[in-house]
1. What about B:Val104, is it within 7 Å of chain A (Cβ to nearest Cβ) and in contact with an Asp or Glu (Cβ under 7 Å, 6 or more places away or on another chain)?
2. Check A:Arg178, A:Arg160, A:Arg168 and return the single one that is basic (Lys, Arg) and under 21 Å from the mean Cα position of the chain (by Cα).
3. Only one of (1) within 20 Å of the chain's Cα centre (by Cα); (2) modelled with pLDDT under 95 is not met by A:Glu257, so which one is it?
4. Just checking: which of the helices (runs of 4 or more DSSP H) contained wholly in region B:272-352 hold 3 or more residues that are within 28 Å of B:Asp43 (Cα to Cα) and within 14 Å of another protein chain (Cβ to nearest Cβ)?
5. Which of the residues belonging to region A:251-305 are under 18 Å from A:Thr221 (Cα atoms) and among the hydroxyl-bearing types (Ser, Thr, Tyr)?
6. Filter region A:264-296 down to the residues that are open to solvent by less than 10 Å² (accessible area, probe 1.4 Å) and either in contact with a Ser or Thr (Cβ under 8 Å, 6 or more places away or on another chain) or basic (Lys, Arg) (or both) and list them by number.
7. Just to confirm my filter: which helices (runs of 4 or more DSSP H) fall fully inside region B:148-227 and include at least 3 residues that are within 14 Å of chain A (Cβ to nearest Cβ) and at pLDDT 95 or above?
8. Does A:Gly99 qualify as being among the small types (Gly, Ala, Ser), more than 9 Å from chain B (Cβ to nearest Cβ) and either over 18 Å from A:Ile264 (Cα atoms) or open to solvent by less than 10 Å² (accessible area, probe 1.4 Å) (or both)?
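The values are calculated or read from the model by the stated rules, or taken from the named source; none is laboratory data. In this text the structure is predicted, and so the values were computed from the model without any measurement. With ideal geometry, Cβ positions are generated from the backbone for all residues, glycine too; neighbour counts draw on all protein chains shown. Remember, those area values only see protein heavy atoms, side chains included, never the ligands or the DNA or RNA. Shrake-Rupley method; radii C 1.70, N 1.55, O 1.52, S 1.80 Å.
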2 protein chains.
Amino acid sequence: MPVDGAQTRNLVPFVSVDDMMGIVNDIGVEEMLAGIAGYIEEDFLRWELFDKTPRIAAHSPVGVIELMPTSDGIDYAFKYVNGHPKNTREGLQTVTAFGVLADVGSGYPVLLSEMTILTALRTAAMSAVAARPLAPAGADTMAIIGNGAQAEFQALAFARLLGIRRFRLYDIDAAATRKCARNLAGRGVGIVECASAEEAVEGAQIVTTVTADKQYATILTDNMIGAGVHINAIGGDCPGKTELHRDILLRSDIFVEYPPQTRIEGEIQQLDPDHPVTELWRVLAGRAPGRTSDRQVTLFDSVGFAIEDFSALRYLRDQLDRTGRFENLDMIADPDDPRDLFGMILRAKGQG
Amino acid sequence: MPVDGAQTRNLVPFVSVDDMMGIVNDIGVEEMLAGIAGYIEEDFLRWELFDKTPRIAAHSPVGVIELMPTSDGIDYAFKYVNGHPKNTREGLQTVTAFGVLADVGSGYPVLLSEMTILTALRTAAMSAVAARPLAPAGADTMAIIGNGAQAEFQALAFARLLGIRRFRLYDIDAAATRKCARNLAGRGVGIVECASAEEAVEGAQIVTTVTADKQYATILTDNMIGAGVHINAIGGDCPGKTELHRDILLRSDIFVEYPPQTRIEGEIQQLDPDHPVTELWRVLAGRAPGRTSDRQVTLFDSVGFAIEDFSALRYLRDQLDRTGRFENLDMIADPDDPRDLFGMILRAKGQG
């Protein structure tokens, strides 16, 4: 199916949840994580080009609905994402997402996609991109504390992009750990199911926290983190939701996506607003150091930024022809004479 | 097709351009304009309940892409809309739009729709809603200056909602006027094709300006507007784009949708930032007077606000069952176990 050319611009390719699962399985999870990581790196290297705005949030007593737009001047993207912790009690997802990529030159949308799965992939790809310059050399073992929806994606991103061979899993719900271990079986990585967070971090050079706690929580206490560890903190991602004890933050070198957003949503909401942090894009661009010693504790305080969704949508757009997994939606009115929208409706009469 | 219930919440009804044309023809343009007007009035009467933010705009040298979100605490809506004047030279639309309605309680989207046609309908419905308390009593003749895509919708909204029986049409391009007259033939209204704007306004108690000029233009000069006229100014809707001579503004009582937006985008960008204006919702709610004398010149300086799109989407949602014109999109990932997104993908393997 053609996806460009003026004559078909009124049709917008749509990647459904089914299509997305097909794409992930066609390409392979690890390969797709690596592909998205490449696009994220590319976009972080031209960070200054992007329109960067904080999320536009509509809060209600039970949750939040957010729009996350960004643009590099050529492509434009936005993601719609909600957060409703009480949804699981009603058999619904806490977080759902979809997104649109558009052409800045014409303003026409060029892709509509589910983004619940795509966000899981980009979050894990982002963590691995950040860990490459921050994790200690020779790291081969990662603890994953919190074994929910994001855990397997994190494991496979770190296996593929950093060569991590052993994962030490812990969750307060042992069923989640078993689910995660089962899903990762047969993928060439060693899995250790642990009975406590303390056990999980033993011997791990990288510690990933990705719990779903909604309140200030202390998943990691100061004594659990030895010298040289890289912490990949995913779960603290909105005001009032953190995972790390403040003392860990105080002895870490902290790397973030976009400081104005991270200071509100990330672990560093616990710190003074002028506490020094390093923007990750500067490390990737060689403008700031990443890890500088094998004793240093590094922390990637990840909250998820619009540019990562932009990168993921850009990657997906570039896979459309290859996978053929999309349908075209008749989304853009296209009268032969732009001034005759009304006539177009009249002429449609009796055709429906 | 069921459109609610937790078991189908992952499916989002989508109204395509074809569906929308079918809906307009099923319901009838005039009836649909009246229906949307009713929803707009209802929402303007509870104006203070709404989250109101200015548009979120991404500007480029050739155009703009905007997101317009709003919420009343029960429903949430946003519209995506672009503006690219140079598009017509490439056989593309200057403005395209689509929108989403979502449930604030769960954060789930409940409707995705084309909004190029729907915006044309809501803009005309809004004009008529504003004109009811502002136009002079007994008005039966309206001039329409600018006979492009919006003109017929304006005419039919004023015919249906204010009982206007004669329309005096003028456009710098006589072909646009002929197109408009042809489209309005047989709808029980009198049409006069005029050779100038001066001729068009003769005997008209309401003057609608809806030209597509991109620069400061003077479609109406001061001498063209007599005492008692209501001006419905649609075309001045972005910075640098106005239609009325400043002197007309200075002797009019000016009514606007949302002052922070209108002062940037509307005719009143020509005036001091503290020039008095009346919020239309206050007139509709009986908190401020509309027209108070038959000599008064009233001006509705319309730019289009997010709440009107919200009303239009709400109206459309309520017609879905009645018209059946939509398809369900598999847009929201819905794993049986929310923590097992990865397992859902694995299990889909071989099913695609």
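1. Working: within 7 Å of chain A (Cβ to nearest Cβ): yes; in contact with an Asp or Glu (Cβ under 7 Å, 6 or more places away or on another chain): yes.
Criteria met by B:Val104.
2. Just a single option satisfies the conditions, and that option is A:Arg160.
3. The single condition A:Glu257 does not satisfy is (2).
4. Working: elements: B:280-284, B:306-323, B:341-348.
So the answer is B:306-323.
5. Result: A:Ser252, A:Thr298.
6. A:Gly266, A:Glu267, A:Ile268
7. Values: elements: B:151-162, B:174-184, B:197-201.
Once the helices (runs of 4 or more DSSP H) in region B:148-227 are filtered for at least 3 residues that are within 14 Å of chain A (Cβ to nearest Cβ) and at pLDDT 95 or above, what remains is B:151-162, B:174-184.
8. Working: among the small types (Gly, Ala, Ser): yes; more than 9 Å from chain B (Cβ to nearest Cβ): yes; either over 18 Å from A:Ile264 (Cα atoms) or open to solvent by less than 10 Å² (accessible area, probe 1.4 Å) (or both): yes.
So A:Gly99 passes the test.
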